Each structure stands twice: as structure tokens, then as C-alpha cells.
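Engineer: Take a look at this one; I'll ask things after.
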Amino acid sequence: MAKATQKENTPVTSIALDKKDMAILKLLQENARVTVKEISEKIHLSTTPVHERIKRMEESGVIKQYVTLVDQNKVDLNLMVICYVSLKEHSKNAGVKFIKTINELHEVIECYSISGEFDFMLKVVCKDMNSYYDFHVNKLSQQENMGNVQSVFVMGVIKETHQVVHG
């Protein structure tokens, strides 16, 4: 599959992160609403350097964004499906077109370019089986260049985290 990935607008430059930076990231991952004052008390730095470190990590793209994680079941999105997708044609243009389409489908909350038998793995959330059927038949399968789609229905979530910094 030709590489057809969406690039961030952030420059790809690595910055040196020390133990204080990692501690700040860990605290922000646990609660993005934690105040600079609370962080400074926990990592034993004054508020100004903590604020400057956070700003530097935001500007460099280490911190990509702040989000609110929503319990999908409490907003009536009770069905989660992992879809493995293969394309018929594997050109760069075909990949770019598929990615553009996937980014427009609100049911798809994650999309990964993968290796192996399939080209992409999608994480899809819907209200119920009927709404997934509608998504699958009338949206996903109707895409130009669609090869094979395999759907795996999630029976339960064992672990779900967005925390990548530990320690």
C-alpha cells in the first residue's frame, strides 16, 4: 500500500524532555483541567517554569490538543465495531481518496494504516446494529475502490486509555 498519510501541521522536530516535563505530561494526561498551580505544587517547581514548559510542549507538538473524553454509551452510541478494510487498488491517489472519505464519516472515530492482509483498521461507533448496517451498506461499502471489509463487534472494553507517558 502506498503511503498516504495525513500530515500534521506541526514541524517534525524532537525536543529534549526531562523528568519534570514527563511529570507534567503525566499529570495533564490524568486530568487536562489540572491547574498550573496544582502541577507546580506536585512537581516542586514554581508556576512560571511550569507554564513555560507546557507552552513549549504545546508549540513543539508534544501536546497535540486537549480533549473531553465522552462515555459513548451515555450518548447512545452503544455499538463499537472494528472494521478491517482492504482496497482494490493500492496507488497513492487511491489511498489519499480513501483517507479523505474516512475523515468525513463521523461514525469512524479512529483509522489506522496497517500491515498484513488488510490496509486499514477502523474503529466505528454507532447507536445499534441497524445504524451500523446502514453505515456499512450505504456509506463504507459504497466507497470507490473498496475491496474487502471484515467487521469485528466489540463485546466489552477491557482497557481503554490515551495515556502514553508513565512513571
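The values are calculated or read from the model by the stated rules, or taken from the named source; none is laboratory data. None of these values were measured; they are calculated from a predicted model. Here the Cβ positions follow ideal geometry from the backbone for every residue, glycine too, while neighbour counts run over all protein chains shown.
Here's the yes/no breakdown for (1) of a type in the set (A, V, I, L, M, F, W, C); (2) in a helix (DSSP H, G or I); (3) out of contact with any Gly (no Cβ under 7 Å at 6 or more places or on another chain); (4) within 30 Å of VAL152 (Cβ to Cβ):
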site	(1), (2), (3), (4)
HIS51	no, yes, yes, no
LYS55	no, yes, yes, no
LYS74	no, yes, yes, yes
TYR84	no, no, yes, yes
ALA94	yes, yes, yes, yes
ILE102	yes, yes, yes, yes
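Engineer: Would you pick out the residues in the range 76-93 that are surrounded by 14 or more Cβ atoms within 10 Å (Cβ to Cβ) and under 22 Å from the mean Cα position of the chain (by Cα)?
Structural biologist: Once the filter is applied, which keeps residues that are surrounded by 14 or more Cβ atoms within 10 Å (Cβ to Cβ) and under 22 Å from the mean Cα position of the chain (by Cα), the range 76-93 yields LEU77, ASN78, LEU79, MET80, VAL81, ILE82, CYS83, TYR84, VAL85, SER86, LEU87.
Engineer: So how many residues does the range 138-167 have that are in a loop (DSSP other than H, G, I, E, B) and surrounded by 12 or more Cβ atoms within 10 Å (Cβ to Cβ)? It would help to see each step written out before you state the result.
Structural biologist: First, the residues of the range 138-167 that are in a loop (DSSP other than H, G, I, E, B): 141-145, 154-167.
With surrounded by 12 or more Cβ atoms within 10 Å (Cβ to Cβ) added as a condition, the list becomes 143, 145, 154, 165.
Result for the range 138-167: 4.
Engineer: Hey, another quick one. On the given criteria, is VAL70 exposed (fewer than 14 other Cβ atoms within 10 Å of the Cβ), modelled with pLDDT under 95 and aliphatic (A, V, I, L, M)? Step through it out loud before you land on a result.
Structural biologist: Details: exposed (fewer than 14 other Cβ atoms within 10 Å of the Cβ): yes; modelled with pLDDT under 95: yes; aliphatic (A, V, I, L, M): yes.
Yes: the conditions hold for VAL70.
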